[in-house]
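The values are calculated or read from the model by the stated rules, or taken from the named source; none is laboratory data. Because the structure is a prediction, the values reported are computed rather than measured. In this analysis, Cβ positions are derived from the backbone assuming ideal geometry, glycine residues included, and neighbour counts consider all displayed protein chains.
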Amino acid sequence: MSFPPKLAALIKLFSSLSDRERRETLIAYADHASSQEPRQGEVFDLEDIRKDEECTDTVAVFLRVEQGRCHFRIALGKQVQTLTRAMSAILCKGLDSLSPEEVLAIPNELVKTIVGAELVRVRSQTVYYLLTRIKGITRLWLNNHTPQTGK
């Protein structure tokens, strides 16, 4: 599958790394996760703030759609694990400015491609958590903004 340019660049970066380098790069992204938090004065179309069983703390996913393009922000509780922090920064960057349909078309395997098979095996399904949440809020927005055909 071909990916949108920002996402393709991230995939290329992570695919070129050894396992050790991949872990180090994920930690670096995790250290910058706070840069993806909502900024003062930002207004969102949808906000999904909750603590699920899959996560150690609250995760808030924010969506703003302008001119048919999605913009995500993610706020994480202090106890959210490093891998989730890393994925928040990666996904906000990689999915920025995609249409809702493009976001929903992103295959879940994207996570394994970026994180690596070993971390996916160790972390099980929790590595897919943020992409699932992002797709969920996008699907909700799209359902509320797509004309419904009547019977």
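Assorted remarks:
- Within the stretch 21-37, residues that are in contact (Cβ under 8 Å) with a residue 60 or more places away in the chain and closer than 15 Å to residue 91 by Cβ have Cβ atoms under 9 Å from residues that are buried (at least 18 other Cβ atoms within 10 Å of the Cβ) and of a type in the set (Ser, Thr, Tyr) in these pairs: 29/88, counting only partners at least 6 apart in sequence or on another chain.
- When the stretch 58-67 is limited to residues that are outside any loop (DSSP other than H, G, I, E, B) and either among the small types (Gly, Ala, Ser) or exposed (fewer than 14 other Cβ atoms within 10 Å of the Cβ) (or both), the one that is nearest to the chain's Cα centre (by Cα) turns out to be 60.
- Meets criteria (surrounded by 20 or more Cβ atoms within 10 Å (Cβ to Cβ) and among the aromatic types (Phe, Trp, Tyr)) for residue 44: no
- Filtered residue count, the stretch 18-41, keeping only those that are among the β-branched types (Val, Ile, Thr) and surrounded by 15 or more Cβ atoms within 10 Å (Cβ to Cβ): 1
- Every pair of residues 6+ apart whose Cβ atoms lie under 9 Å, when the first sits in the stretch 50-76 and is more than 16 Å from residue 40 (Cα to Cα) and without any contact (Cβ under 8 Å) to a residue 40 or more places away in the chain while the second is assigned to a loop (DSSP other than H, G, I, E, B) and of a type in the set (Lys, Arg): 57/51; 57/78; 58/51
- The residues of the stretch 30-46 that are farther than 16 Å from residue 97 by Cβ and in a loop (DSSP other than H, G, I, E, B), listed by number, are 32, 37, 38, 39, 40, 41, 43.
- Residue 19 meets each of the listed conditions (1) modelled with pLDDT of 95 or more; (2) among the charged types (D, E, K, R); (3) over 13 Å from residue 134 (Cα atoms) apart from (1).
- Hits in the stretch 1-27 - residues which are of a type in the set (Lys, Arg) and under 22 Å from residue 69 (Cβ atoms): 6
- When each of 11, 49, 27 is tested for being at pLDDT below 95, part of a strand (DSSP E or B) and over 12 Å from the mean Cα position of the chain (by Cα), the lone residue that passes is 49.
- Set side by side, the residues 55, 92, 70 differ, and just one is surrounded by fewer than 21 Cβ atoms within 10 Å (Cβ to Cβ) and either more than 15 Å from residue 137 (Cα to Cα) or within 13 Å of the chain's Cα centre (by Cα) (or both), which is 55.
- For the stretch 70-81, the count of residues that are in contact with a strand residue (DSSP E or B) (Cβ under 7 Å, 6 or more places away or on another chain), modelled with pLDDT of 90 or more, among the aliphatic types (A, V, I, L, M) and assigned to a helix (DSSP H, G or I) is zero.
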